[in-house]
Amino acid sequence: THVYGISALAEHKESGHKSYFNGEVRKTGWVSYFPTMIAIKTPLVTLLRGLRGGLLIVFRMRRAHPLLVGAVVLSTGFLALMMRGHINIGARHALPVMVPLTLLAAFAADWLARKNRRLSQGVSAGVLLTVVMALMVPDYLGDFNVLVGREKGHRISIIGEDWGQDTAAFSRRAKKVKYKPLYYE
């Protein structure tokens, strides 16, 4: 079963899977698909703190915990393999990349709390504000940060989970905005 599954997946990877990304439909995939999807589907504070955690390790510490370094190396390799693939059908396939990003974000948050408690509290208030702002956006998408913009998520990638599988809401929106061409599989 496993050999057959791997063989079928390899064949699917080579033949591709039709998907929509940045206004284009293609069967061969895009190198920028998964980095873009990670960027727009990850809370902005997690992205920023993850970057800060990585920079802290590189520039401020002589040595990082081996488990953290291992997780970052493995997920970077995993992301590189995904970027070479021809199947771009949803950010959920990139979830293993999120584990070390979240660890780096936690590391940065802990460092900030130890160095400057007041600034740490300000960052936490900013996180709460971004959550409130996200809840106020009409036609809420599965894009969890402001990098996507109010309407741009539909143009980047339309995946079923973006509408919470609410095809009626998607249909109303598509008619109102007059999406052309419209691909929905």
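We did not get these values from a lab; they are worked out from the coordinates using the rules stated. All of these numbers come straight from a predicted model, not from anything done at the bench.
Below are the figures for this structure:
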read-out	value
Potential lengthening between Ser7 and Thr76 on full extension [0.36 nm per residue; Cα-Cα distance subtracted]	22.4 nm
Whichever lysines have a C-alpha closer than 28 Å to that of Lys175, once near sequence neighbours (fewer than 8 apart) are set aside	Lys18, Lys27, Lys41, Lys152
Region 1-79 shape via C-alpha gyration tensor axes, a/c threshold 1.5	oblate
